[in-house]
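Peer 1: One structure, pasted below without further comment.
Computed from the coordinates by the stated procedures, all read-outs in this text should not be read as laboratory data. Fair warning: this is a prediction, and the values are worked out from it, not measured in the lab. Note that we place each Cβ from the backbone using ideal geometry, even for glycine, and neighbour counts take in every protein chain shown.
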Amino acid sequence: MSVEDVFCLQQGRMVMLTGRIERGRVRKGDEVEIVGLRGGATARVADIDASHVRIDEAGADRNVGVLLRGIAAVAVERGHVLAAPGSISAHARFAADIILLSEEQGGADVVSGDRLRFHTRSAAVWGTVTLHGVDVVRPLHGAEVTVALEEPVALEEAQPFAFRQRGRAAGSGTVTRLPR
């Protein structure tokens with residue numbers, strides 16, 4: 001589940017993380033790991049809230065609030081991923097295939113060393129792009145790149161992402177390879 005919002009409940013004794021479950025399921029009492037953006041903590045699910053109704057289990061494609069006990073609200077933020085321990089890891093570097101939007105849609109030339117804003121799941125992180133095999137990528141063209149993010153985020157191969165350049169939507173891509 002990608003964390004979209006964080007709420008502090010019961011004078012800080014509980015934290016509710018809201019978002020949509022991407023795959024699998026979560027049950028009351030499960031141990032979960034907080035991955036990405038300086039994450040790495042684990043916690044036990046105290047309760048699950050679906051539209052102000054407490055439920056024991058929630059599956060894929062459901063928007064829920066997951067209540068965790070023993071985690072500080074400042075330790076979790078939008079962009080973290082809640083997952084089964086060890087099922088996904090955070091990376092600050094990855095290889096990808098990108099394609100730029102047209103100039104009318106906001107696409108602009110991209111060269112090695114450009115600093116772009118990458119959006120994946122609910123995370124938005126600055127990163128530097130390195131092109132492979134070309135000097136410049138023009139609007140409506142694609143390229144193979146390596147991205148070095150300023151903060152690690154939860155990533156998987158074949159995961160889509162979008163990126164912005166100078167505050168405007170610039171293109172999208174797919175993660176092709178993660179470091180081992």
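Peer 1: Nothing charged except the Cβ atoms of Lys and Arg (+1) and of Asp and Glu (-1): what's the magnitude of the dipole of the chain about its Cα centre? Round to the nearest 20 debye.
Peer 2: 380 debye
Peer 1: Loop only by DSSP, 16 or fewer other Cβ within 10 Å of the Cβ. Give me the GluC sites (Glu not before Pro) in segment 93-180 that pass, ordered by residue number.
Peer 2: For GluC sites (Glu not before Pro) across segment 93-180 that sit outside H, G, I, E and B with at most 16 neighbouring Cβ atoms in 10 Å, the list reads Glu103, Glu104, Glu156, Glu157.
Peer 1: Follow-up. How high is the relative contact order of the chain, in percent, counting Cα pairs under 8 Å that sit 6 or more residues apart?
Peer 2: Relative CO of the chain lands at 22 percent.
Peer 1: What is the sum of charges around Pro160, taking Lys and Arg as +1, Asp and Glu as -1, for the other residues whose C-beta is under 13 Å from the C-beta of Pro160?
Peer 2: It works out to a net charge of -3.
Peer 1: Explain nothing, just compute: Karplus ³J(HN,Hα) = 6.51 cos²θ - 1.76 cosθ + 1.60, θ = phi - 60°, for every residue of segment 126-136 in order, whole Hz, x for Gly and Pro.
Peer 2: 6, x, 10, 9, 10, 7, 10, x, 9, 8, 8
Peer 1: Based on the alpha-carbon gyration tensor of segment 2-46 and its eigenvalue square roots a ≥ b ≥ c, which shape applies: rounded if a/c is under 1.5, prolate if not and a/b is larger than b/c, or oblate?
Peer 2: Rounded, because the longest to shortest axis ratio a/c is under 1.5.
Peer 1: Can you give the FRET efficiency to the nearest 0.05 for Val136 and Glu156, using r as the Cβ-Cβ distance and R₀ = 30 Å?
Peer 2: 0.55
Peer 1: In a shell of Cβ-Cβ distance under 12 Å around Glu150, excluding Glu150 itself, what net charge do Lys and Arg (+1) and Asp and Glu (-1) give?
Peer 2: +3
Peer 1: With a sphere of radius 10 Å drawn around the Cβ of Leu178, what net charge do the other residues whose Cβ falls strictly inside it have (Lys, Arg +1; Asp, Glu -1)?
Peer 2: That sum, taken over residues with Cβ under 10 Å, equals +1.
Peer 1: Which is farthest toward the positive dipole end of segment 1-144 among Gln11, Val81, Ile34, measuring Cα position about the Cα centre, with Cβ charges +1 (Lys, Arg) and -1 (Asp, Glu)?
Peer 2: Ranked along the dipole, the leading option is Gln11.
Peer 1: Moving on. Assuming R0 = 45 Å, can you tell me the calculated FRET efficiency for the pair Arg13 and Arg115, based on Cβ-Cβ distance, to the nearest 0.05?
Peer 2: The calculated FRET efficiency here is 0.65.
Peer 1: Which entry in (1) 73, 34, 28; (2) 53, 35, 27; (3) 86, 33, 32 is this structure's computed Cα extents along the principal axes in Å?
Peer 2: The value matching this structure is (2).
Peer 1: Percent relative contact order of segment 89-172, based on C-alpha pairs within less than 8 angstrom and at least six residues apart?
Peer 2: So the answer I get is 42 percent.
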